[in-house]
Amino acid sequence: MPHRASWFAAIVVVLVFAACAGAQAPQQLTKPLDVPYVPTDEKLVDAMLNVAKVTKNDILYDLGSGDGRIVITAAKKFGTRGVGIDLDPVRIAEANENAKKAGVTHLVKFIQGDIFEQDFSEATVVTMYLLPDVNMKLRPKVLAMKPGTRVVSHNYDMGDWKPQQTLNIPISDTPHQIYFWVVPKK
């Protein structure tokens, strides 16, 4: 009987050691999410990138980047460098995996962080699919960006900051809006 108990203990120790060595503790949310994760349809992603006239010379930041589809699509189609920012570590892991599958890890980066605390001032294009109150809270930071920065929002505007262009795109009989602005001179 002592032999069986020591054999069992040895197996438990090996399994615990293997689990600790091979697994990393998952990142935790740093604060509650302001916006639920709702993926943007690829047709809308294309419309957002087209209305902003994204090129390989741009640096695109997607605020609330979710699974990374906007940043990854810009990298694949245009060779655009991009950064996605999201609070949710599950979405960041998914975005990194999607970038790897798409072969664009050399062009994109995903940051787990708060869009209100992250610096995205180097962006030439900012994309977002947030909520109206989040857009309004973010608006002063966006308006303080370099003049000429292009800003695209899926479904939600920025109050009395009038967009240069609004696109209406139906997806499965549901209307969606794409709003496009250019940060004005100070």
Which residues in the stretch 144-180 have a backbone N closer than 15 Å to a point placed 7 Å from the Cα of GLU122 along the Cα-to-Cβ line? 146
Which order, highest average first, do 51-60, 158-167 follow once you tally other Cβ atoms within 10 Å for each residue and take the mean per peptide? 51-60, 158-167
Rounded to whole Hz and in sequence order, give me ³J(HN,Hα) for the stretch 114-129 from the Karplus expression 6.51 cos²θ - 1.76 cosθ + 1.60, θ = phi - 60°, writing x for Gly and Pro. 8, 4, 7, 9, 7, 8, 10, 5, 6, 4, 9, 9, 10, 10, 7, 9
Ranked packing of 71-78, 128-135, most packed first, by mean Cβ within 10 Å: 71-78, 128-135
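Relative to the present Cα-Cα distance, how much length would full extension add between THR105 and MET136 at 0.36 nm per residue of separation?
In short, 8.0 nm is gained.
Nearest 5 percent is fine: what portion of the DSSP beta bridges confined to the stretch 42-182 is antiparallel?
40 percent
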Determine, for SER121, SER65, the number of other Cβ atoms within 10 Å of each Cβ, and report the residues in order from fewest to most. SER121, SER65
Determine the gain in length on full extension of the stretch ALA93-GLN177; use 0.36 nm per residue of separation and subtract their C-alpha separation, reporting nm with one decimal. 27.4 nm
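Using a/c under 1.5 as the rounded threshold, could you call the stretch 42-182 rounded, prolate or oblate? The axes a ≥ b ≥ c are square roots of the C-alpha gyration tensor eigenvalues, and prolate needs a/b larger than b/c, oblate otherwise.
It is rounded, given that a/c, with a ≥ b ≥ c, falls under 1.5.
Since every read-out is calculated from the coordinates, none of them should be taken as a lab result. Because the structure is a prediction, the values reported are computed rather than measured. Because the Cβ atoms are built from the backbone with ideal geometry, glycine has one as well, and the counts that use them run over all protein chains shown.
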